[in-house]
Amino acid sequence: MQPFRRVGAALVAAVGRLDKSLSPSDTLNRLRQHKWTLSDSIYIFQFTLATFWLFVMQVPVFIKLMIPVLYATALLIPFTSQFFLPAGPIFLYLLSFFSSKDIPMHYRPTPSVVLLPTLESVLYGANVSDILTRFTHPILDLLAWAPYGVGHYVIPFVVAAFLWLFRPKEVLHYWASAFGYMNLTGVLIQLVFPCAAPWYELIYGLTPADYTIRGSPGGLARIDKLFHGNGYTTAFSNSPLVFGAFPSLHAGSATMEALFISHFFPWTTKYVFGYAAVLYWATMYLTHHYLVDVVGGSCLAVAFFYLLMPEELRGAAATAPPGGLGAAAYRSKYEVYDLDEPRGRGGRGSALMRDAEAYDLEELSDRESDEEMDITFRSPVVPDGPASAVPLIKSAAAGGRASPVKKSHRHTASIASLIRSEERGEEGWSPIGGSFAFPPTPTRAQAAQVAEEGKGARGS
């Protein structure tokens, strides 16, 4: 139940950080105060490309008008603009993908059928994708279907959710930009450089292709048969981009997900790249991509991941909890005092849970209730101590008796007091009984001087 409590606390904290304003005037005020830079010119590119696809799209005019109107409305409302503005590259990718089918055929390049298998044989010495498809089995089908037919559509949302919950908002914005522009670039390459997938070679051989040919589910047809349905057959047969084998955006998306999770949650590295490796195999096993497509998609993801990474998200800042990149990274009490963490607190999920602990609401209230001065910086009060001690003389002069011990502190000693006991001892006292050192007893002249100062203070 502890992990669920942590995630629940992170969710409450993330919702609390949201801008809940519904007033468009707030957005307009921010727009007037915004200092424009050269990097903002990317919005001109987004607007121009979106206008082109809306012009090409073969849908009723009122739908063409509704798309920009709804998006502009979402940008004007602060509550929705904090999601829709960073997600602009992703929406532009989706608009490009689904509108590409409406490009007139006489403007499209002729699809290539032989280039990819030839490149694969030249670069790798064999048609690797063809070798991987020679043996099939229902268990292998399910193993390939999980990442290719399900994970590809679900994992991006999971990654975005974890980044939103456990990392600063700048990380989520970076994810939207890198993931969106990587996929957008891949779609544009597929339009300019159309290539047939391995399923085309299995069905039609190396005969020239044209845009009248419909897509095929490839190995996913076996999944339809296994589940007695036709969902993948229908979806791939109506794909808007039939000849989009290179680069593989399935491989590119899996690589981008693995790079993000491993960078911002380092303890997950071997697991997320293991998932990516399985998906690489699945793309070829299901006859949707050649090995050269997988390599091309992965290289595209790596390029966008590092080219778009903000400087402030490199290094130790990558694991900073929410609350702003300027804040120091959260460290547990075991890290602060350089102590060994108990084994019971370890485990595979401990690092992620410590991320949630950085802003756990319950622990936050505990910290707020313990804002008293650390006992290592208090003057010791000894009930049976000598009356001539300087700290006690000052207290007696002011009020006639020593100040009582504060009862509000919840702890008898802190970790800091235990560690710094020797240091305190060198200064004249120590909070630990065995090494307590009394301050030097003042002379009669010093005591008389203090008494005179006290009388003078009362007289004034």
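Tallying residues that are over 30 Å from THR73 (Cα atoms), assigned to a loop (DSSP other than H, G, I, E, B) and open to solvent by less than 60 Å² (accessible area, probe 1.4 Å) within the range 1-29 yields 0. Identification of helices (runs of 4 or more DSSP H) wholly contained in the range 263-378 with 2 or more residues that are modelled with pLDDT of 90 or more and under 26 Å from GLU170 (Cα atoms) yields 269-285, 291-307.
Quick check, is GLY88 more than 34 Å from the chain's Cα centre (by Cα) and more than 23 Å from THR207 (Cβ to Cβ)? So GLY88 fails the test.
Scanning the range 60-80 for residues that are outside any helix (DSSP H, G or I) and open to solvent by less than 50 Å² (accessible area, probe 1.4 Å) yields a single hit, ILE77. Within the range 271-281, restricting attention to residues that are free of Cβ contacts under 8 Å to residues at least 40 places away in the same chain and over 22 Å from LEU313 (Cβ atoms), which residue is least open to solvent (accessible area, probe 1.4 Å)? That would be GLY274. Taking every residue in the range 41-67 that is over 16 Å from LEU188 (Cβ atoms) and pairing it with any residue that is acidic (Asp, Glu), at least 6 positions away or on another chain, the pairs with Cβ-Cβ distances below 9 Å are MET57/ASP102; GLN58/ASP102; VAL59/ASP102. Taken together, the criteria exclude ALA251 from residues that are of a type in the set (A, V, I, L, M, F, W, C), more than 23 Å from LEU119 (Cβ to Cβ) and at pLDDT 95 or above. The set of residues in the range 128-139 that are part of a loop (DSSP other than H, G, I, E, B) and touching a residue at least 24 places away in the same chain (Cβ under 8 Å) comprises THR133, THR136.
The residues listed here are PRO89, PRO117; of these, the one that is touching a Ser or Thr at 6+ places or on another chain (Cβ under 6 Å), over 26 Å from PHE227 (Cα atoms) and either at pLDDT below 90 or not in a loop (DSSP other than H, G, I, E, B) (or both) is PRO89. Among the residues of the range 9-17, some residue qualifies, meaning at least one is within 24 Å of ILE90 (Cβ to Cβ) and charged (D, E, K, R). Return the residues of the range 290-316 that are under 17 Å from SER262 (Cα atoms) and open to solvent by less than 30 Å² (accessible area, probe 1.4 Å); say none if nothing qualifies. SER298, ALA301, PHE305, MET309, LEU313 - these are the residues of the range 290-316 that are under 17 Å from SER262 (Cα atoms) and open to solvent by less than 30 Å² (accessible area, probe 1.4 Å). The lone criterion from (1) at pLDDT 95 or above; (2) surrounded by fewer than 17 Cβ atoms within 10 Å (Cβ to Cβ); (3) not charged (D, E, K, R) left unmet by THR110 is number (1). Filter the range 30-59 for residues that are touching a Lys or Arg at 6+ places or on another chain (Cβ under 9 Å) and open to solvent by less than 100 Å² (accessible area, probe 1.4 Å); which is farthest from PRO104 (Cα to Cα)? Residue satisfying both the conditions and the ranking: LEU54. Based on what the data block shows, is PHE83 in contact (Cβ under 8 Å) with a residue 12 or more places away in the chain, surrounded by 13 or more Cβ atoms within 10 Å (Cβ to Cβ) and either of a type in the set (Asp, Glu) or in a helix (DSSP H, G or I) (or both)? Against the criterion (in contact (Cβ under 8 Å) with a residue 12 or more places away in the chain, surrounded by 13 or more Cβ atoms within 10 Å (Cβ to Cβ) and either of a type in the set (Asp, Glu) or in a helix (DSSP H, G or I) (or both)), PHE83 does not qualify.
The values are calculated or read from the model by the stated rules, or taken from the named source; none is laboratory data. Being a predicted model, the structure only gives us computed values, none of them experimental. Heads up, the Cβs are rebuilt from the backbone with ideal geometry, glycines too, and the neighbour counts pull from every protein chain shown. Remember, those area values only see protein heavy atoms, side chains included, never the ligands or the DNA or RNA. Shrake-Rupley method; radii C 1.70, N 1.55, O 1.52, S 1.80 Å.
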